[in-house]
Amino acid sequence: MSEISFAIANRQVATVRIDPNSVQGRDTGGLPQLYLPLKLQLLPAGQSGDIQYTIVRLAGTLHSQQIGEFATFEVAPLAALPNPTPYERQQDANVPFDRLRIRRLRDARAGNDAHFHITLLISAYAIFEYIATKN
């Protein structure tokens, strides 16, 4: 299982995991796609929950050492909120391919397993709560 964590205000708030063995090629209405079953966990931010946030975008790129960046994707519009009891939610990503991209990837792997890296971008809307006390 591969994972990456993201922070807001130096606090780890989101973790995205993927099992490389669960990645699949699919044919959706005659269009080839790569299916990435991501698992997203959102943690409350701050010791007292003093940072409220909403994940509004999850996007990524795929690249290989041989051909560089070869595909991009964006998960359907999000408004994902943290849960006081963190759990992993399924967040599927479908990466559309065209015939040229498939040919480039097939030629690069030369009959071997495909090896590629996923770079993720998470955008969040955060509200920082600061309570000042007067002495």
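No lab work stands behind these numbers, since they all come straight from the coordinates. No experiment lies behind these values; they were computed from the predicted model shown. Because the Cβ atoms are built from the backbone with ideal geometry, glycine has one as well, and the counts that use them run over all protein chains shown.
A value for Rg/Rh (Cα atoms, Kirkwood Rh) was derived from the coordinates, and within the list (i) 1.09; (ii) 0.97; (iii) 0.99 it appears as (i). Exposed loop sites were defined as chymotrypsin sites (Phe, Trp or Tyr not before Pro) in DSSP loop states (anything but H, G, I, E or B) carrying at most 12 other C-beta atoms within 10 Å; in the chain the longest segment without such a site runs 1-86. Projecting the Cα atoms of ALA9, PRO37, SER64 onto the dipole axis of the chain, where Lys and Arg carry +1 and Asp and Glu carry -1 at the beta carbon, places SER64 farthest toward the positive end. From helices alone, the chain scores -2500 deg cm²/dmol at 222 nm; the rule is -39500 (n - 2.57) for each run of n ≥ 4 DSSP H residues, then divide by the residue total. Computed from backbone phi with θ = phi - 60° and the Karplus coefficients 6.51, -1.76 and 1.60, the 3J(HN,Hα) list for segment 65-75 is 5, 6, 10, x, 5, 10, 6, 10, 8, 9, 6 Hz; x is used for glycine and proline.
This model, with +1 at the C-beta of Lys and Arg and -1 at the C-beta of Asp and Glu, gives the chain a dipole about its Cα centre of some 180 debye.
Once backbone amide H atoms are built at 1.01 Å from N, ILE8 has VAL13 as its partners under 5 Å, excluding neighbours fewer than 5 places away on the same chain.
A simple rule links phi to the HN-Hα coupling: the Karplus curve 6.51 cos²θ - 1.76 cosθ + 1.60 with θ = phi - 60°, which for segment 101-113 gives 5, 4, 4, 4, 5, 4, 5, 5, 7, 6, x, 8, 4 Hz, with x for Gly and Pro.
Under 5 Å from the amide H of ARG57 lie the amide H atoms of SER123, each residue being 5 or more positions distant or on a separate chain, with H modelled from the backbone and absent for Pro and chain starts. Taking a ≥ b ≥ c as the square roots of the Cα gyration tensor eigenvalues, with a/c under 1.5 meaning rounded and otherwise prolate when a/b beats b/c, else oblate, which class fits segment 1-42? Prolate, because a/c is 1.5 or more and a/b exceeds b/c.
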